[in-house]
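Laboratory data are not the source of any read-out in this text; all were calculated from the coordinates shown. Because the structure is predicted, anything quoted here is derived from the model rather than measured. No Cβ is skipped: glycine too gets one built from the backbone with ideal geometry, and neighbour counts run over all protein chains shown.
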Amino acid sequence: MDIIKVAKPFVDGAARTPHDRALMRMMVDLAALFGIEVVAEGIEREDQLAALKELGCGMGQGYLLGRPVELAAVAAGGVTAPEAPRAAAFSA
């Protein structure tokens, strides 16, 4: 295992409550201890992105970063940024 994908409910909580923020920090720290990358899913708001960066999460996905599109549109070259979805790498 080299990547852990953190579900949206944890991402939602990271920006809202100290308890949920501590839980997210624990996941990120534990993954780092084992050399595992963390991808946070469901990032929809700037406060979520800011909290994840502060906690040291290195990558994320969600509507804030890009909307889903059909694979055929991407393969045909008909999708360009900011339409193209991506798992964005970000730094703290």
Got a sec? How would Ile43, Ile36 order by Cβ neighbour count within 10 Å, fewest to most? Ile36, Ile43
By counting other Cβ atoms within 10 Å of each Cβ, how are Phe10, Phe34 ranked from fewest to most? Phe34, Phe10
Using Cβ counts within 10 Å as a stand-in for footprinting exposure, how do Val6, Val39 rank, fewest first? Val39, Val6
With +1 on the Cβ of every Lys and Arg and -1 on the Cβ of every Asp and Glu, the dipole magnitude of the range 3-89 about its Cα centre, in debye rounded to the nearest 20, is 80
At q = 0.10, 0.12, 0.16, 0.18 Å⁻¹, what is the log10 ratio I(q)/I(0) for the range 3-89, with the Debye formula run over Cα points and no solvent? -0.27, -0.38, -0.61, -0.73
For a quick check of your reading of the filter: which GluC sites (Glu not before Pro) in the range 7-51 sit in a DSSP loop and have no more than 16 other Cβ atoms within 10 Å? Glu41, Glu44
